[in-house]
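Engineer: Here it is, the structure, as C-alpha cells.
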Amino acid sequence: MTKRFDDLTKAQEDLFNRIAVGDDTCVNPRAVAALIEKGLVEQYEQKDGAFTWHRYRVPVAVHIRWCEWCSR
C-alpha cells in the first residue's frame with residue numbers, strides 16, 4: 001500500500017510537512033482531519049497534570065515513504 005502525497009491540498013501539504021518535522025502547533029482542524037482520514041497522520045494525547053493536548057505525528061512507515069517521495 002503506497003500513500004500518495006501528490007493529491008494533498010496546499011494547506012494539507014504544508015501541515016503534513018510541518019508535522020513530519022515535529023511541528024504540530026497551530027494546526028488547521030480541517031486539514032489535520034483530512035490527513036488523519038488519509039492515514040498520513042496520527043493523533044495522540046499528551047497529558048501534563050490537569051491539562052491534555054491533542055498532538056499529531058506521522059507514522060514511521062509513512063515518514064519513510066514521504067522521504068522517498070521528497071527525494072524524487
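Read-outs throughout are calculated quantities, based only on the coordinates presented, and are distinct from any laboratory measurement. Keep in mind the model is a prediction, meaning the values are calculated, not measured. Note that each Cβ is placed from the backbone with ideal geometry, even for glycine, and that neighbours are counted across all protein chains shown.
Engineer: When only residues in segment 27-60 that are of a type in the set (G, A, S) and within 18 Å of L8 (Cα to Cα) count, which is surrounded by the fewest Cβ atoms within 10 Å (Cβ to Cβ)?
Structural biologist: Among those residues, the one meeting the criterion is G39.
Engineer: If you don't mind, another one. Only residues that are exposed (fewer than 13 other Cβ atoms within 10 Å of the Cβ) and either closer than 15 Å to V60 by Cα or in contact with a Leu (Cβ under 7 Å, 6 or more places away or on another chain) (or both): list them for segment 14-26, please.
Structural biologist: Residues satisfying the conditions are V21, G22.
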